[in-house]
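S.K.: One structure, pasted below without further comment.
The values are calculated or read from the model by the stated rules, or taken from the named source; none is laboratory data. Predicted model, so just to flag it, every value in this text is computed and none were measured. For neighbour counting, all protein chains shown are included, and Cβ atoms are generated from backbone atoms with ideal geometry for every residue, glycine included. Only protein heavy atoms, including side chains, enter the accessible area calculation; ligands, DNA and RNA are left aside. Shrake-Rupley method; radii C 1.70, N 1.55, O 1.52, S 1.80 Å.
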Amino acid sequence: MKKHFYPIFALFLVGVMFSCQSPKSNSTKEEAAGIDSMAPNPFITHMYTADPSAHVWADGRLYVYASHDIDPPRGCDLMDRYHVFSTDDMVNWTDHGEILNSSQVPWGRKEGGFMWAPDCAYKDGTYYFYFPHPSDTKWNDSWKIGVATSKEPAANFTVQGYIEGMDPLIDPCVFVDDDGQAYIYNGGGQICKGGKLKDNMVELNGEMKEMEGLEDFHEATWIHKYNGKYYLSYSDNHDENWNDGVKGDNRMRYAISDNPLGPWKSMGIYMEPTDSYTNHGSIVEYKGQWFAFYHNSALSNHDWLRSICVDKLYYNEDGTIQMVKQRK
């Protein structure tokens with residue numbers, strides 16, 4: 001979601017109706033995909049958006065849950081509300097409007113703001129929207145993972161509370177495995193944690209544990225499953241000021257495991273930096289084609305006025321991910 005602002009913590013078969021990785025078809029061949037055209041990047045241009053969390057729900061549409069960069073920006077502090085966008089062809093996108101803002105969070109900091117990267121899951125007729133938000137003016141060490149619920153995928157969400165027992169970290173991701181077990185993740189700085197959720201989707205089932213084996217983890221945890229393997233993708237700490245010959249900042253990395261809670265084997269980089277100081281991504285299959293969602297600053301040329309983008313993602317025969325080609 002953002003970098004260097006919290007010193008204290010310095011994709012084959014998946015459930016048809018829910019998960020951090022969304023329901024999908026059985027084919028991964030591009031020629032069977034039925035996705036020939038895509039909207040230009042960024043695909044949302046009437047407002048500034050970031051941190052895209054992409055899911056395919058039972059109605060057959062692909063939904064993206066995004067944070068909102070408010071103009072004029074003040075770092076990431078004024079991010080204060082969430083929008084949902086959907087498509088059924090990857091060309092035409094519908095803005096379903098705002099679904100939640102900080103004034104609707106009873107336990108949130110009175111000054112508002114700080115509505116950072118969210119996620120959504122579905123189970124037993126209910127959509128669960130997970131979002132990070134501080135509970136105190138001293139935002140850096142008071143982060144909580146809130147939960148709002150709705151019977152609709154893109155409207156009428158009501159805050160139910162927050163998940164007890166999680167460290168004050170950001171960027172929630174919820175993944176529901178084939179057996180129906182839900183897992184929740186959050187992180188920030190050098191720390192990435194994961195654990196099980198109870199069936200009610202709002203309580204931990206045991207303690208959170210640190211994810212082992214990740215290389216240069218920064219933030220933006222995303223879990224998907226492909227050919228029976230679990231993939232954890234994330235943003236790293238790369239900074240252009242390192243002068244290492246790589247232009248730009250956050251790169252997107254991934255790791256693979258046989259277990260949703262690791263340990264993980266680092267597999268390297270699948271996306272080079274964008275023109276934004278940050279990046280935050282999600283990976284999902286839709287109509288037989290895999291996609292990588294992310295954000296850049298192409299519309300604004302400003303690090304804190306970002307825009308969500310999407311490009312096709314491909315796997316090699318051994319399950320490794322090819323480098324994503326960013327469309328300009």
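S.K.: Need one value: the accessible area of Arg253 in square angstrom, 1.4 angstrom probe, rounded to the nearest 10.
M.R.: For Arg253, solvent-accessible area is about 20 Å².
S.K.: Same structure again: Figure the gain on full extension for Tyr315 and Glu215 (residue separation times 0.36 nm, minus the Cα-Cα span) and round it to one decimal in nm.
M.R.: So the extension gain works out to 34.0 nm.
S.K.: Averaging over every viewing direction, what projected area does the convex hull of the Cα atoms of the chain cover, in nm²? Each step should come with its number before you reach the end.
M.R.: Details: hull surface 59.2 nm².
Averaging across all directions leaves 14.8 nm² for the Cα convex hull.
S.K.: If you average the sequence gap of Cα pairs under 8 Å that are 6 or more apart and divide by the length of region 53-119, what percent do you get for the contact order?
M.R.: Numbers: 119 pairs, mean separation 20.7, N = 67.
Worked out over region 53-119, it gives 31 percent.
S.K.: Assuming R0 = 22 Å, can you tell me the calculated FRET efficiency for the pair Ser266 and Asn237, based on Cβ-Cβ distance, to the nearest 0.05?
M.R.: On the way: r = 14 Å, r/R0 = 0.62.
Computed FRET efficiency for Ser266 and Asn237 comes out at 0.95.
S.K.: In terms of the Cα gyration tensor, with a ≥ b ≥ c the square roots of its eigenvalues, is region 157-234 rounded because a/c is under 1.5, prolate because a/b exceeds b/c, or oblate?
M.R.: Values: a/c = 1.78, a/b = 1.16, b/c = 1.53.
Oblate is the answer for region 157-234, as a/c is 1.5 or above yet b/c matches or exceeds a/b.
S.K.: Here's something else I'd like to know. Cross-link list Lys123/Lys325; Lys198/Lys265; Lys144/Lys209; Lys198/Lys312; Lys247/Lys325: which exceed 23 angstrom alpha carbon to alpha carbon? Could you put the intermediate results ahead of the total?
M.R.: Details: Lys123/Lys325 34 Å; Lys198/Lys265 27 Å; Lys144/Lys209 17 Å; Lys198/Lys312 34 Å; Lys247/Lys325 16 Å.
Correct reply: Lys123/Lys325; Lys198/Lys265; Lys198/Lys312.
S.K.: Given the protein chains as shown and a 1.4 Å probe, how many square angstrom of Asp318 are accessible, to the nearest 10?
M.R.: Near enough 120 Å² of accessible area.
S.K.: Here's something else I'd like to know. Any chance you could run the full-extension gain for Glu164 through Glu111? It's 0.36 nm times the residue separation minus the Cα-Cα distance, nm to one decimal. Display every interim value, and only then the final one.
M.R.: Values: separation 53, 0.36 × 53 = 19.08 nm, distance 2.24 nm.
Working it through step by step, the gained length comes to 16.8 nm.
S.K.: Decide, for region 47-178, between rounded, prolate and oblate: order the square roots of the alpha carbon gyration tensor eigenvalues as a ≥ b ≥ c, take rounded if a/c falls under 1.5, and otherwise choose prolate if a/b is larger than b/c, else oblate.
M.R.: It is oblate, given that a/c is not under 1.5 and a/b is not larger than b/c.
S.K.: Please state the shape class of region 100-174: rounded when a/c is under 1.5, otherwise prolate if a/b exceeds b/c and oblate if not, all from the C-alpha gyration tensor.
M.R.: Prolate is the answer for region 100-174, as a/c is 1.5 or above and a/b outweighs b/c.
S.K.: Loop only by DSSP, 14 or fewer other Cβ within 10 Å of the Cβ. Give me the chymotrypsin sites (Phe, Trp or Tyr not before Pro) in region 94-128 that pass, ordered by residue number.
M.R.: Trp107
S.K.: Same structure again: Be a star and scan region 214-230 for residues whose amide nitrogen sits under 11 Å from the point 7 Å along the Cα-to-Cβ vector of Gln190.
M.R.: Answer for region 214-230: 216-217.
S.K.: For region 93-243, just the Cα atoms, rotate onto the principal axes and tell me the three extents in Å, largest first.
M.R.: Dimensions of region 93-243 along the principal axes of its Cα atoms: 44, 40, 38 Å.
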